[in-house]
Amino acid sequence: MPELAAEPSDAAIVRAAAAGDRRAFEKLYRLHVDKVHGAVLRLAGFDHARAEDFVQESFVRAWQKLDTFRHDSSFGTWIYRLAVNTALMAIRARNADPVSIVDDEHLPDPADNPFCPAERDELERAIAALPPRARAVLVLHDVEGWKHEEIGNELGMAVGSSKAQLHRARSLLKRALGDTP
């Protein structure tokens, strides 16, 4: 019986893609697009069209910069960070609000996430309605697990401002969800 070929690691796929193998890059895309999309979707206030733009721009930049990838971290970490930075730069370039109005069609279908309770739709709406910097800090800290120092560096704010924005976002969420202090 012939031996089964082992699945190539991300590192091997990255090396092939960096050498110009478009199929290898397509494989990297398929392996990492869902995580990237999830992160930028939240930052875009659940505007699916903007999130798709951020994803596309991120992977285009990744293809262009692939030769600079140093393998110090995993490709998944690198592309995720590149995507978050791309989304944050676009939000900053618009000088704040990534989404002016969020309607029902921009919110995810709660059935897509069966692990969440029925209140997920209400929570998604409340997060989308947060002021942009408060939403960015909340998503990066509470959802993505960034430290305040990282958020401050990325968003160009002091650590104390990041903490204040997080407090503001949480308070606004409590109020929006009917849990007034």
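Residue by residue through the range 82-92, note down the ones that are of a type outside the set (A, V, I, L, M, F, W, C) and under 12 Å from ARG61 (Cα atoms). Residues satisfying the conditions are ASN85, THR86. Please work out which one of (1) open to solvent by less than 90 Å² (accessible area, probe 1.4 Å); (2) part of a helix (DSSP H, G or I); (3) under 30 Å from GLU124 (Cα atoms) is the condition ALA11 fails and give its number. For ALA11, the exception is condition (3).
Kindly establish whether GLU105 is assigned to a helix (DSSP H, G or I), at pLDDT below 85 and in contact with a Leu (Cβ under 6 Å, 6 or more places away or on another chain). Here the answer is no, as GLU105 does not meet what is asked. What do you reckon, is LEU140 modelled with pLDDT under 90, closer than 20 Å to MET89 by Cβ, open to solvent by less than 40 Å² (accessible area, probe 1.4 Å) and under 17 Å from the mean Cα position of the chain (by Cα)? Considered against the rule, which asks whether it is modelled with pLDDT under 90, closer than 20 Å to MET89 by Cβ, open to solvent by less than 40 Å² (accessible area, probe 1.4 Å) and under 17 Å from the mean Cα position of the chain (by Cα), LEU140 comes out as no. On the stretch given as the range 30-47, residues that are more than 13 Å from VAL84 (Cα to Cα), touching a residue at least 40 places away in the same chain (Cβ under 8 Å) and open to solvent by 60 Å² or more (accessible area, probe 1.4 Å) total 1.
You will find that of ALA118, ALA129, the residue that is modelled with pLDDT of 85 or more, over 17 Å from VAL36 (Cα atoms) and open to solvent by 40 Å² or more (accessible area, probe 1.4 Å) is ALA129 and no other.
In this structure, is ARG61 in a loop (DSSP other than H, G, I, E, B), modelled with pLDDT of 85 or more and surrounded by fewer than 19 Cβ atoms within 10 Å (Cβ to Cβ)? For ARG61, the condition - in a loop (DSSP other than H, G, I, E, B), modelled with pLDDT of 85 or more and surrounded by fewer than 19 Cβ atoms within 10 Å (Cβ to Cβ) - is not met.
The values are calculated or read from the model by the stated rules, or taken from the named source; none is laboratory data. Computed from a predicted model, the values in this text were never measured in an experiment. In this analysis, Cβ positions are derived from the backbone assuming ideal geometry, glycine residues included, and neighbour counts consider all displayed protein chains. Keep in mind that these areas ignore ligands, DNA and RNA; they rest on the heavy atoms of the full protein, side chains included. Shrake-Rupley method; radii C 1.70, N 1.55, O 1.52, S 1.80 Å.
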